[in-house]
Structure formats: C-alpha cells, structure tokens
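What follows is a single structure, written as structure tokens, with notes after it.
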Amino acid sequence: MVPPTLDTRPCGGKYGDIVRAIGNTPLVELKRLSPKPGVRIYAKLESYNPTGSVKDRVARAMIEDAEQKGAIRPGQTILEPTSGNTGISLAMICARKGYPLKVVMPDNVTEERTQLLRMYGAEIEYSPGGQGSNGAVAKALDMAEADPSYYMPYQYGNQANPDAHYYGTAPEILEELDEVTAFVAGLGTGGTLMGNGRRFKEHDENTSIVAAEPLQGELVQGLRSLDDGFIPPIIDLSLLDRKIFVSNRDSVVWTKKVLAEEGLFVGVSSGAIASIAVRVAGELDEGNVVFVVCDDGWKYLSSGVYTKSIEELEADGTLDNASFW
C-alpha cells in the first residue's frame, strides 16, 4: 500500500508556552462553495488558536506591546470591553502573565462565553444587551475614567490590534498563496481588515479588501454596523474597497451551509463572512478569495442554531434576537 501524501506540518511546531502557540493557523480551500472552476475560496481557520478565536493574536499583541512600553506593571488589573472572544483571549493570557482581568460584556451573550471567562479567572461587568458591543465600550470607558488604576488595552483604538494581522495573519496567508485577489473579513473592531488589508495592498495594490457589515439594527455578535454611530479609531475606511451588508438570517443560513457542505463548525459571524466571500467569488472569472473564520461554534451551541431549522429559529424568535451570537 502506498501511504497518502500529507500536506500537514508535523505537530504544528514546538513552543515553550501556550501563548507562543498562537498563530500559524490552517488555510483550507472550500471547493464545494466555489461558484466557478477558476475561482478558489480559502478559509483561514482562526479557531485553531489556543482559546479558539482570532482574538488570541490581538490579545497577545496588545499585552506584549504594553509590557514593552512599560504601560502596565506586574499585578495591575486589565480592563477591556468585549463581546466575548477578546475577553476570553485576554483572560487566558492575563492568567498566564499574572494580571487580574475585568471585562465589560453585553448581558445577553451566550452562557458558554460567560463560563469560559470565569474559567480563566476573569471578573465580568455586564452592560445592557440591547446596546450591543457599543454599550460595553461606553461603560468600560466610563469605568477607566473613574478609576485610573485600570489599564485598558482598548482593542478599538490600539494599533497593536491591526499590527497583529499585518505581521502575523497576512504573511501566513502570503506564504501559502502567490496571489490574493480578494480578502473578506467581518467589520468588528477593524483590526483584521486594517492589518491584513494594508499588508495585502503593499503586496499587490489590486487586491480587493471587502468588509462584511451587518444591516443597521441587526446585531450579529462580533460584527458592527458603522451606521450605528461608533467607528473604531483604528479603522481607515479608505483602505476598504467595498462594504457588503449581510442579514442575521443569511448569517445563520450560511453558518449551516458551511457546516453541511465543507464540514466547518464555525461561529455565526463567520457564516456571515463566508456568504460575502462566496458572493465576491461569483463576480470573478479567476483568482483566490480568502476569508477569515473568526471562531468555531462551541461558544454558540446554546443558541440552538446548529440543531434547529431556519423555520424553527424564525418561529421561536431566535433570528430576531441575534445579539447573543
């Protein structure tokens, strides 16, 4: 018997600490989703990071940047607004480095995220769920102003956020692909779009940078509509070639479709991004479309998205209350 040829890299490397194992995630072609023979769609699986999301890159970059600049001292409490993933990533890293962590998070997120934060030792302050991540940001800023002993990395305005992708995610993709025709990511803090976008534009100015943005008033957790009034300071809108809107319903439909057709168990925001990536791919005659899978579905199981039909989710109101994704 001739053994199969394997493209995987043995063990994924050797590291002295779990924090050092962040990054170098798989890039997987999704052949069944490609609308044309000459167009290839690739998913960057950030769920392979230690806490299961792309935010491990950002959290490590922000904490290590603050340490290098002397902005935090040993034992100082870190404060950060989050919809879940950044908080979980910070909780793991802060626990390893000896920094107490307090996060501000909407009160209607899934129970899994609350449990993970507490498991890593984080303290949680809740903001009104109906205000989404904007409410968490406002409350955290008020808390930081009232108590200067906190250090807030503030992912929405911290250059280390996009730099984590400029120096990490994008070079990893370019190591595997000679050409990136279009890059698609969700519009959240802006770090993934800005960091990757800047690096890809330097590599090839014709690379199209596309943002998946939720419809105004539809709360897809982890993504944001700029029409809601808050534009993160790190976002440079001139770097974006397109913004394409996606609904809660389409986000769920495509989350299920990616699982059924490609075997990828992704979070709902990644379903939203996948839908836009396929749309962009359909407009091309040839080339590579790359999108970021922000996280996997483990943190969203209690929502029922993976076990109920679209009709059931519509009937029980889940699609109308998508803020807990």
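What follows draws every value from the coordinates through simple rules; no lab data is involved. Predicted model only: the values in this text are computed from it and were never measured. Every residue, glycine as well, gets a Cβ built from its backbone with ideal geometry; the counts of neighbours run over all protein chains shown.
Side notes on the structure shown:
- Protection-proxy order for peptides 116-122, 84-90, 257-263, 288-294, each taking the mean of Cβ atoms within 10 Å per residue, highest first: 84-90, 288-294, 116-122, 257-263
- Our compactness index for the chain, the C-alpha radius of gyration over the empirical 2.2 N^0.38 Å, is 0.96.
- For the peptides 39-47, 245-253, the ranking by packing is 39-47, 245-253, with the highest mean count of neighbouring Cβ atoms within 10 Å listed first.
- Relative contact order, whole percent, for the range 55-146 stands at 28, derived from Cα pairs under 8 Å and 6 or more residues apart.
- Taking a point 7 Å from the Cα of E283 along the Cα-to-Cβ direction, the residues of the range 238-265 with backbone N closer than 20 Å to it are 238-248, 250-251, 254.
- Dipole of the range 55-146 computed with +1 at Lys/Arg Cβ and -1 at Asp/Glu Cβ about the Cα centre; of L79, P100, M143, farthest Cα towards the positive end is P100.
- For the residues P148, P128, P26, a GNM of the chain with alpha-carbon springs under 10 Å puts the largest fluctuation on P148.
- Of G168, G197, G186, the one that fluctuates the most in a GNM where the chain has Cα springs shorter than 10 Å: G168
- Fraction of C-alpha pairs exceeding 21 angstrom in the range 55-146: 26 percent, rounded to a whole number.
- For a label point 7 Å along the Cα-to-beta-carbon line of N206, residues of the range 259-288 with backbone N under 17 Å: 281, 283-288
- Ignoring lysines fewer than eight residues from K14 along the same chain, the ones with Cα atoms less than 23 angstrom from its Cα are K44, K55, K97.
- Choice from D107, D142, D241 showing the highest fluctuation, given a GNM over the chain with Cα pairs closer than 10 Å: D142
- Positive end of the dipole of the chain (Cβ unit charges, origin at the Cα centre): among T318, Y300, L237, the Cα lying farthest that way belongs to Y300.
- Contact order normalised by residue count of the chain, Cα under 8 Å, 6+ apart, percent: 21 percent
- Ranked by how many other Cβ atoms sit within 10 Å of their own Cβ, fewest first, the residues Y166, Y48, Y300 fall in the order Y48, Y166, Y300.
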